Amino acid sequence: MNPRLIDCACIVAQPWRNGGGMTRELLAAPDSQNWQYRICVADINGDGAFSSYPGVDRWFAVLEGEGVYLQIDGNGHRQLPHEEPLRFDGAAQIHCRLLGGATRDLNLMLRNVSGRMQRADAGIAWSATDGACGLFATQPGHCHIADQGDARKAVVVPMPAFSLLWFERSPGRLIFEADRAGEARIGYWLAVQTEPTASC
């Protein structure tokens, strides 16, 4: 178990082609050009269309800001900060309208693999049965990696706000404790089944 800690503040932002935002790529596997899964943070600064990704399953969550209103193939959806993430087809036609200024958003993109994103709450254990997994924390705190055989052997990893702790293989049970008391919604769990899924 050798997790990677990736601080969003250390990643150079890349501008969108349409000028509406910036993206920080935290992780792409096996590489940035031929990825099966990709995790990135986007700063959306204006209304506009999302890029099309045929064959990609997308998960989307608002981290900061007032939220967004998405038109997905003509169907409207309001997405607010810290809600359960939205899942949609990367090939869909999507237009984004900001509800009250710029937002920061988390994206999980999957190509020929399955996965999920789930809201994380402080102090509540979470585990992925197999595959790769991790936590994106929006608050500073500590992630406890529990030893399934002996709770006393738990490893504790400090995490700054807006960082990703990533495991190539699930380590078992994970618990995040925020440094500031009263912080309940502290980020998002992510999991990827790294064996490719069959395509029709």
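The set of residues from the stretch 69-91 being farther than 22 Å from SER163 by Cα and part of a strand (DSSP E or B) comprises TYR69, LEU70, GLN71, ILE72, ASN75, GLY76, HIS77, ARG78, PHE88, ASP89.
Listed conditions (1) over 14 Å from PHE162 (Cβ atoms); (2) in the same structural domain as ASP105 (by TED's automatic domain parsing) are all met by ALA42, apart from (1).
Only one of the listed residues (ALA49, ALA61, ALA120, ALA92) is in the same structural domain as PRO158 (by TED's automatic domain parsing) and either touching a strand residue (DSSP E or B) at 6+ places or on another chain (Cβ under 8 Å) or not basic (Lys, Arg) (or both). That residue is ALA120. With respect to HIS95, determine if the residue is surrounded by fewer than 19 Cβ atoms within 10 Å (Cβ to Cβ) and touching a residue at least 12 places away in the same chain (Cβ under 8 Å). Criteria met by HIS95. When the stretch 65-75 is filtered for residues that are at negative phi and at pLDDT below 95, only ASN75 remains. In the stretch 1-53, the qualifying residues are those that are part of a strand (DSSP E or B) and among the hydroxyl-bearing types (Ser, Thr, Tyr), and the one that is farthest from ALA132 (Cα to Cα) is THR23.
The values are calculated or read from the model by the stated rules, or taken from the named source; none is laboratory data. The model shown is predicted, which means the values in this text are computed figures rather than measured ones. A quick note on method: Cβ atoms are made from the backbone with ideal geometry, for glycine too, and the neighbour counts reach across all protein chains shown.
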